[in-house]
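Colleague: Quick one: the structure is below, and I'll ask about it shortly.
The values are calculated or read from the model by the stated rules, or taken from the named source; none is laboratory data. Everything numeric here is computed off the predicted structure, so don't read it as measured data. All Cβ positions, even for glycine, are placed from backbone atoms using ideal geometry, and neighbour counts span all protein chains on display.
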Amino acid sequence: MERIKVSASWATNLYRGVLFVLIWWVLTDGVASSWWIGVLAVVLAVTASRTLVPPAAFLWFELLKFVPFFLWHSLLGGADVARRVFQPKMPIAPDLIEYPLRLPPGLSRVIMSNTVSLLPGTLITELDRNVLKVHLLNRNKDSFAELEAVEERIARLSGISLSAPRGGEESAAI
């Protein structure tokens, strides 16, 4: 079964246009008289978004699988922070590591860094060329495997083939 990719052409403008129309409608409580300027605002927003975030192809099937993964890990990240606040005696072994990226530059790397920042005990401190610098609350857990799993999910979401898994390769501690 072949998966359908969203093309980076007129469909992108249409999807973004619908998104910005919905945002405008929510911001103005659906007041019809606001559309005289709303149309211009939507056109400018679509144009600016195409400039700032170039179109990218996503596999819809993978997006439907990624959203629950993202929401679940966001919830786990919040619960982890809350647990650490209410149990201050929890052991913390902070570390700063470098994770070499296999994703190509662009939106997929941005999604990767935002997703990793929501994982329990991780925060991206820098996205520098082909390396994510990640702050860990616990250097003893297998964060490298988690980062690799997130990268692979985002690659599937974006329809990108990554090189073979690293298999035991360790990230460099800073």
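Colleague: Answer yes or no as to whether I111 is farther than 27 Å from L52 by Cβ and in contact (Cβ under 8 Å) with a residue 24 or more places away in the chain.
Modeller: no
Colleague: Hey, another quick one. With P120, P88, P68 as the choices, which residue is surrounded by fewer than 18 Cβ atoms within 10 Å (Cβ to Cβ) and either in a loop (DSSP other than H, G, I, E, B) or modelled with pLDDT under 80 (or both)?
Modeller: Every option except P88 fails the conditions.
Colleague: If a residue must be modelled with pLDDT under 80 and of a type outside the set (A, V, I, L, M), how many such residues does segment 141-174 contain?
Modeller: Here the count works out to 10.
Colleague: Take the conditions among the acidic types (D, E) and either at pLDDT 80 or above or under 27 Å from P54 (Cα atoms) (or both) and apply them to D95. Does it pass?
Modeller: yes
Colleague: How many residues does segment 84-117 contain that are more than 23 Å from G159 (Cβ to Cβ), aliphatic (A, V, I, L, M) and in contact with a helix residue (DSSP H, G or I) (Cβ under 9 Å, 6 or more places away or on another chain)?
Modeller: 3
Colleague: Filter segment 12-32 for residues that are hydrophobic (A, V, I, L, M, F, W, C) and loosely packed, with under 11 Cβ neighbours inside 10 Å; which is nearest to the chain's Cα centre (by Cα)?
Modeller: Out of the qualifying residues, it is V26.
Colleague: Under 9 Å between Cβ atoms, which residue pairs at least 6 apart in sequence (or on different chains) link something in segment 80-104 that is in contact (Cβ under 8 Å) with a residue 60 or more places away in the chain with a partner that is of a type outside the set (A, V, I, L, M, F, W, C) and in a helix (DSSP H, G or I)?
Modeller: Partner pairs satisfying both residue conditions: D95/S143; I97/S143; Y99/S143; Y99/E148; Y99/E151; R102/E148; R102/E151; R102/E152.
Colleague: Within segment 45-65, which residues are modelled with pLDDT under 90 and more than 30 Å from E152 (Cα to Cα)?
Modeller: Within segment 45-65, just T47 meets the criteria.
Colleague: Residues of segment 22-60 being touching a residue at least 24 places away in the same chain (Cβ under 8 Å), closer than 20 Å to P105 by Cβ and of a type outside the set (S, T, N, Q), which ones?
Modeller: Within segment 22-60, R50, V53, P54, P55, A56, A57, F58, L59 meet the criteria.
Colleague: Quick one: is V42 part of a helix (DSSP H, G or I), in contact with a Phe, Trp or Tyr (Cβ under 6 Å, 6 or more places away or on another chain) and at pLDDT 80 or above?
Modeller: Yes, satisfied.
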